[in-house]
Amino acid sequence: MSRLSAPPLRIALRTDAVLPRLAAFGLFVVAAGVVIYALVHSGWIQALLTLAFSLFAANWSMRLRGPHWDWLGCDAEGRWWLATREGLRHEQRVFIRVSDDSRVGARLVVLVCDRAETGAAQVLWLPWWRLDPVDFRRLRVRLRWPPEAEDKPGNMAWLQRVRHQAIGILGGLTQRGAQAMNTPREMAEVDHLLSDDPDHVYTEDELDAIEAVDPELALRLDRAQTFAQRQVLDEPAEGPIDEAAVRQSVEEARRILMQDGGDIEYVGLDGRTVQVRLKGACVGCPRSTLDLKNVVERLVRARSPGVERVANTF
């Protein structure tokens, strides 16, 4: 799956008052140390020159400091952009190119980029506290998305593309061809990381382990878990089932699945079983069973604990 198949992003960046102050304090400590060293070992003239140079460098750094960005995004065509709050209100975005030197960590993303128009380089430090938890995971998943394969010139590249197209056509006709997404072997690798209990709350370490194998599933799990925690109600598990609450939960799951090309439709209630119909990219996808249990069922049972399971009808 290429980066062009990844869902678009639009992430709000909170004001960071920690890292700039730490950086300024660190530079002050270094400059003060250099000035004191020059005063002790070289005399007051060299110390004054060092102090003047430090003040000039600090003033120059303040002048070259980039604007404060409030929004970071990536459109459907894979183009990254930055915007201020006022700029986004007027649909004014600055398109950037994300460098391969960017680093993605568990609690920090260092985004190395340059403006597409001017080529001016900039480094964005994005710790976890600057973003919503779900947005932070979406950003990590998006940056880790497999890069677009480069086209190789020549007849061999053309023959290879024809071969891949033929395999895809035969696979669609025989239903035994190579799968474009995760293969059953890869799904088995994910299965042992998942819990059979739809009410299980995944920790950050568990989500990171799932993300290493299947980033899309980890992202959907994180979204569903966040929504479920917001929607949980104090209702008895053996009480009556509110069909309106079930419909609302299925609609919430639909919004999550649609961000990755999938879709779902509410069919009805059969006792304590909620019947749905998977649509869109979920049809025939090997991840659909995992999404049904770990995303849809989690959201439904969060608002309607009396539901025993969610089943897909064909």
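The values are calculated or read from the model by the stated rules, or taken from the named source; none is laboratory data. Keep in mind that what you see is a predicted model, and the values were worked out from it rather than measured. Here the Cβ positions follow ideal geometry from the backbone for every residue, glycine too, while neighbour counts run over all protein chains shown.
Brief remarks follow.
- Taking first residues from segment 238-267 that are under 20 Å from Pro286 (Cα atoms) and partners that are hydrophobic (A, V, I, L, M, F, W, C) and surrounded by fewer than 19 Cβ atoms within 10 Å (Cβ to Cβ), the Cβ contacts under 8 Å between residues at least 6 apart in sequence or on separate chains come to Asp260/Ala281; Gly261/Ala281; Gly262/Ala281; Asp263/Ala281.
- Any chance Trp69 is modelled with pLDDT of 80 or more, among the hydrophobic types (A, V, I, L, M, F, W, C) and exposed (fewer than 11 other Cβ atoms within 10 Å of the Cβ): no
- Checked against the criterion of being more than 22 Å from Ala17 (Cα to Cα) and not aliphatic (A, V, I, L, M), the candidates Arg103, Arg85, Arg89 yield just one match: Arg89.
- Being among the β-branched types (Val, Ile, Thr) and at pLDDT 85 or above holds for only one residue in Val30, Val18, and it is Val30.
- If the condition is being over 16 Å from the mean Cα position of the chain (by Cα), surrounded by 15 or more Cβ atoms within 10 Å (Cβ to Cβ) and aliphatic (A, V, I, L, M), then segment 96-123 contributes Ile96, Val112.
- When segment 197-222 is filtered for residues that are free of Cβ contacts under 8 Å to residues at least 40 places away in the same chain and surrounded by fewer than 18 Cβ atoms within 10 Å (Cβ to Cβ), the ones remaining, listed by number, are Asp197, His200, Val201, Thr203, Asp205, Glu206, Ala209, Ala212, Val213.
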